[in-house]
1. With the condition kept exactly as written, say whether any residue in segment 69-83 is surrounded by 14 or more Cβ atoms within 10 Å (Cβ to Cβ), at pLDDT below 90 and not aromatic (Phe, Trp, Tyr).
2. Determine which single condition residue 94 fails, assuming it passes every other condition in (1) in a loop (DSSP other than H, G, I, E, B); (2) more than 18 Å from residue 116 (Cβ to Cβ).
3. Within the set of pairs 6+ apart or on separate chains, which have a first residue in segment 41-65 that is closer than 17 Å to residue 77 by Cα, a second that is in a loop (DSSP other than H, G, I, E, B) and open to solvent by 90 Å² or more (accessible area, probe 1.4 Å), and C-beta atoms under 9 Å apart?
4. Any residue in segment 100-124 that's of a type in the set (D, E, K, R): show its pairings with residues that are open to solvent by 30 Å² or more (accessible area, probe 1.4 Å) at Cβ separation under 6 Å, as long as the two are six or more apart or on different chains.
5. Can you tell me how many residues within segment 113-142 are touching a helix residue (DSSP H, G or I) at 6+ places or on another chain (Cβ under 7 Å) and under 15 Å from residue 87 (Cα atoms)?
Amino acid sequence: MTKLRFTIIISLIALVSVLLISCNEKKEVSLDDLIETMKESSLNIETDETEVASTHYAYNPEKKMFYLGLQFNNDEIPSNEQQKAIYEKFLSKASEVTNTGDWKKALELYNVTFEQLLPNNEKKTLAIKKENSDIIEFLNSK
């Protein structure tokens with residue numbers, strides 16, 4: 001009787017563990033979900049970051065390139081440290097929808113360009129994250 005009770009308890013613990021693990025797994029994320037989440041993340045930057053006046057977001061499927069355009073208050077570019085914090089916050093928030101939740105892994109196969117939006121529809125590339133890299137490279141450092 002004790003062996004049977006022990007076997008039942010172990011089986012129940014195993015079943016509960018399997019159910020908990022399967023419930024916590026994130027589903028496979030489509031590119032459309034990632035694009036939509038990155039769009040939402042760009043809008044969050046606009047409201048959360050005091051230096052950012054507005055944002056624009058785009059995706060180019062041919063180049064596997066995400067674009068984040070930022071218009072800064074008074075057209076003043078924040079320091080590299082501030083920019084990096086903004087960019088990583090954007091990427092981290094966007095990658096929350098993926099299986100890894102880590103932007104460095106989730107966006108490994110994509111390029112990301114960060115641009116300053118200027119008057120007259122002009123733009124200046126500030127930084128890039130290249131495909132197969134987890135480094136944000138600053139092109140116009142301050």
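1. no
2. For residue 94, the exception is condition (1).
3. The qualifying pairs are 51/76.
4. Pairs that qualify, where the first residue is of a type in the set (D, E, K, R) and the partner is open to solvent by 30 Å² or more (accessible area, probe 1.4 Å), are 104/134; 115/123; 115/125; 123/117.
5. Residues flagged as touching a helix residue (DSSP H, G or I) at 6+ places or on another chain (Cβ under 7 Å) and under 15 Å from residue 87 (Cα atoms) within segment 113-142 amount to 7.
To keep it simple, each residue is scored yes or no on (1) open to solvent by less than 20 Å² (accessible area, probe 1.4 Å); (2) within 21 Å of residue 50 (Cα to Cα).
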residue	(1), (2)
86	yes, yes
100	no, no
123	no, yes
132	no, no
135	no, no
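So that you can scan it fast, the table gives a plain yes or no per residue for (1) of a type outside the set (S, T, N, Q); (2) part of a strand (DSSP E or B):
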{"residue": "39", "(1), (2)": "yes, no"}
{"residue": "44", "(1), (2)": "no, no"}
{"residue": "47", "(1), (2)": "no, no"}
{"residue": "56", "(1), (2)": "yes, yes"}
{"residue": "66", "(1), (2)": "yes, yes"}
{"residue": "70", "(1), (2)": "yes, yes"}
{"residue": "74", "(1), (2)": "no, no"}
{"residue": "78", "(1), (2)": "yes, no"}
{"residue": "83", "(1), (2)": "no, no"}
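The values are calculated or read from the model by the stated rules, or taken from the named source; none is laboratory data. Treat the numbers as computed from the prediction; the structure is a model and nothing was measured. All Cβ positions, even for glycine, are placed from backbone atoms using ideal geometry, and neighbour counts span all protein chains on display. Each accessible area value is taken on the protein alone, full model and side chains, heavy atoms only, with ligands, DNA and RNA left out. Shrake-Rupley method; radii C 1.70, N 1.55, O 1.52, S 1.80 Å.
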